[in-house]
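Novice: I have a structure I would like to understand better, so I am pasting it below and will then ask my questions one at a time.
The values are calculated or read from the model by the stated rules, or taken from the named source; none is laboratory data. Since the structure is predicted, the reported quantities are computational estimates derived from the model, not experimental observations. Because the Cβ atoms are built from the backbone with ideal geometry, glycine has one as well, and the counts that use them run over all protein chains shown.
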Amino acid sequence: MLLLNAKNRKSSRKLTAKIVDHLLRAGEPGRHVDHGDGRVKGLLLDITSPSAASWVLRYQRQGRIRHMGLGSAFEFDLGEARARAKPGNCSPMASIRSRHVASSGPPSQRRNVGA
């Protein structure tokens with residue numbers, strides 16, 4: 001079985017639930033690219049240690065490469081990560097705007113954001 005890791009970045013294999021499970025159990029640090037179904041681009045599984053792994057969306061804005069965390073890989077599976085990374089489901093600017101609006105104004109009028 002071919003696994004996606006830092007040494008083999010150019011592999012065009014898509015991540016499957018089985019491969020993700022194997023990668024999380026192994027816990028070897030690295031970024032693993034999901035070449036998935038073609039509708040989601042830039043989805044990465046970022047493993048930093050055996051107990052820390054997260055889903056990251058890599059995107060480009062104003063000519064600069066950016067990374068946005070989608071959540072822990074231990075909290076939700078590949079299907080949910082793909083759903084969160086689909087265009088329209090997670091807009092970096094929308095989340096920034098909602099945080100700004102929620103944190104402005106007097107403390108009595110602030111919304112609880114991110115709960």
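Novice: Collect the residues in region 46-79 that are under 23 Å from ALA17 (Cβ atoms), surrounded by 15 or more Cβ atoms within 10 Å (Cβ to Cβ) and either free of Cβ contacts under 8 Å to residues at least 40 places away in the same chain or in contact with an Asp or Glu (Cβ under 6 Å, 6 or more places away or on another chain) (or both), keeping them in residue-number order.
Specialist: Matches in region 46-79: ASP46, ILE47, ALA53, SER54, TRP55, VAL56, LEU57, ARG58, MET68, LEU70.
Novice: Where residues in region 28-42 are more than 13 Å from the chain's Cα centre (by Cα) and at pLDDT 90 or above, which of them is surrounded by the most Cβ atoms within 10 Å (Cβ to Cβ)?
Specialist: Within region 28-42, the match that is surrounded by the most Cβ atoms within 10 Å (Cβ to Cβ) is GLY30.
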